[in-house]
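Colleague: The structure follows.
Throughout, read-outs are computed from the coordinates displayed, never taken from laboratory work. This is a predicted model, so every value here is computed, not measured. Counting neighbours? That spans all protein chains shown, and the Cβs are built from the backbone with ideal geometry, glycine included.
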Amino acid sequence: MFPTTRKAAGLAAVAVLAVGLVAAGCGSSSNSNSSSNSGGGSSTANNKGGTIALLLPETKTTRYETQDKPLFEAKVKALCPNCKILYQNANQDPAQQQQQAEAALTQGAKVLVLDAVDAASAGAIVQKAKAQNVPVISYDRLVTNAPVSYYISFDNVRVGQLQGQALASKLKQDGKATGPIVMINGAPTDNNAKLFKQGATGALNSAGVKVLKSYDTPDWSPDKAQNEMQQAITAVGDNGFNGVYAANDGTAGGAIAAMKSAGVNATTRPTTGQDAELAGIQRILAGTQYMTVYKAIKPEAEGAATMAVDLVNGRKPAASTVKDKVDNGQLKVPSVLLKPVAVTKDNINDTVVKDGFWTTKQICTSAYASACKAAGLT
């Protein structure tokens, strides 16, 4: 499935990038009086302050409120005590996000950190910000065909590849190498979902895995994913599929709920996921979900915070961290791309627990105590 060397290499890459981004932030919180116009290495004395808007897309994916927001806010305050943060969540409504962005600009935001509900329509937000000389950091999801200033995310094609490779490997191990499977993809308005699907489809095709049914899930909604999986089971039968590609842990939860409702034993139908949500990790321990993809949100959120503080103080983010370029259809956006890591039952302890993303106390509630013990998490 996933050789030790691959796991170690993936974790090392995350660690190195995290250190690089955090190192830039550490320089910013130094008491040195030296100037740093190149960005990323300024002292707090040089961070005079300003207003930064953080615009997140939705709450159905738990990471945004529990991880991204608090990590971003804490890093900004550490680097720039005089900076003001305007926070809004659009609850999956692009029109609402447009209004929130306009309100932030009216309130004097000098930088927008935007995780778009709709990658295409969010271009209007970027255009309006540019007209007011306000840079936009495209956070986690790339805004397409718009003059975005910077982009920070993960290698999202690689996320899909990890999911597809893991599922193909498990199917082969189970003696069902060609599947067939059901695909429960992400929201069609999310550019990341397109990239996950691209990576997964390539990996599954390379392995010869057949796809019987494929759905794009509006709003990444678990209940809509459950309906899609119910439709698939009705169409192909309880025994007509051998696995499920689910684009994230929320859609995985919906698919697994549909299987349970139909009397299908989910432990015999490997299901993928993404985001290493607590419920997803617990399902992996219980055997109802096969894998997830861990994206170390701390370096992503803190990297975005560091860039935002640099920009609000009139500096370019450090070239040592912004090493990539991603084409968004209008320009090649200066980017930071972090490395995702595949997580199965075998490496939970070496990934999400080791990094402090989740603690064993949080994971190993009474319902999962025996599974945690079997996995060596106690």
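Colleague: So if we plug the beta-carbon distance of LYS354 and THR178 into 1/(1 + (r/R0)^6) with R0 = 35 Å, what FRET efficiency do we get, rounded to 0.05? Numbers along the way, then the final one.
Modeller: Details: r = 36 Å, r/R0 = 1.01.
Between LYS354 and THR178 the formula returns 0.50.
Colleague: Shape verdict for region 143-235, please, from the Cα gyration tensor: rounded (a/c under 1.5), prolate (a/b greater than b/c) or oblate.
Modeller: Values: a/c = 2.88, a/b = 1.42, b/c = 2.03.
Note, shape of region 143-235 comes out oblate.
Colleague: When only C-alpha pairs under 8 Å and at least 6 residues apart count, what is the relative contact order of the chain, in percent?
Modeller: Values: 822 pairs, mean separation 74.2, N = 378.
Relative contact order for the chain comes out at 20 percent.
Colleague: Using helices alone, I'd like the mean residue ellipticity at 222 nm for the chain: each DSSP H run of four-plus residues gives -39500 (n - 2.57), total over residue count, nearest 500.
Modeller: -13000 deg cm²/dmol
Colleague: Given (1) 37, 23, 18; (2) 40, 30, 16; (3) 34, 26, 19, which label gives semi-axes √(5λ) of the Cα gyration tensor in Å as computed from the coordinates?
Modeller: (1)
Colleague: Here's another thing I want to ask about it. Just name one of THR272, PRO299, GLN282: the one whose Cα is farthest towards the positive end of the charge dipole of region 270-364 (beta-carbon charges, Lys/Arg +1, Asp/Glu -1).
Modeller: PRO299
Colleague: If you count, for each residue, the other Cβ atoms within 10 Å and average over each peptide, how do 72-79, 274-281, 230-237 line up from highest to lowest?
Modeller: Taking the mean over residues of other Cβ atoms within 10 Å, the ranking is 274-281, 72-79, 230-237.
Colleague: Another question, if that's okay. At q = 0.14, 0.19 Å⁻¹, what base-10 log of I(q)/I(0) does the Debye formula yield for region 228-378 when every alpha carbon is treated as an equal point scatterer in vacuo?
Modeller: Log10 I(q)/I(0), no solvent term: -0.79, -1.06.
Colleague: Label ASP346 and TYR87 with points 7 Å out from Cα along Cα→Cβ: what is the distance between them in nm?
Modeller: 3.8 nm
Colleague: Please compute the modelled spin-label separation between SER366 and SER320, points set 7 Å along Cα→Cβ, answer in nm with one decimal.
Modeller: 5.1 nm
Colleague: Give, as a single signed number, the net charge of other residues whose beta carbon lies under 11 Å from the beta carbon of ASP216, with Lys and Arg counted +1 and Asp and Glu -1.
Modeller: Once all neighbours under 11 Å are counted, the net charge is 0.
Colleague: Next question. If contacts are Cα pairs under 8 angstrom and at least 6 residues apart, what is the relative contact order of region 155-289 in percent?
Modeller: Rounded, it is 26 percent for region 155-289.
Colleague: Give me the number: length gained by fully extending GLN107 to THR267, i.e. 0.36 nm times residue separation minus the C-alpha to C-alpha distance, one decimal in nm.
Modeller: 52.5 nm
Colleague: Collect residues whose amide H, placed 1.01 Å from N in the peptide plane, falls under 5 Å from the amide H of CYS83; neighbours closer than 5 in sequence don't count.
Modeller: GLY50
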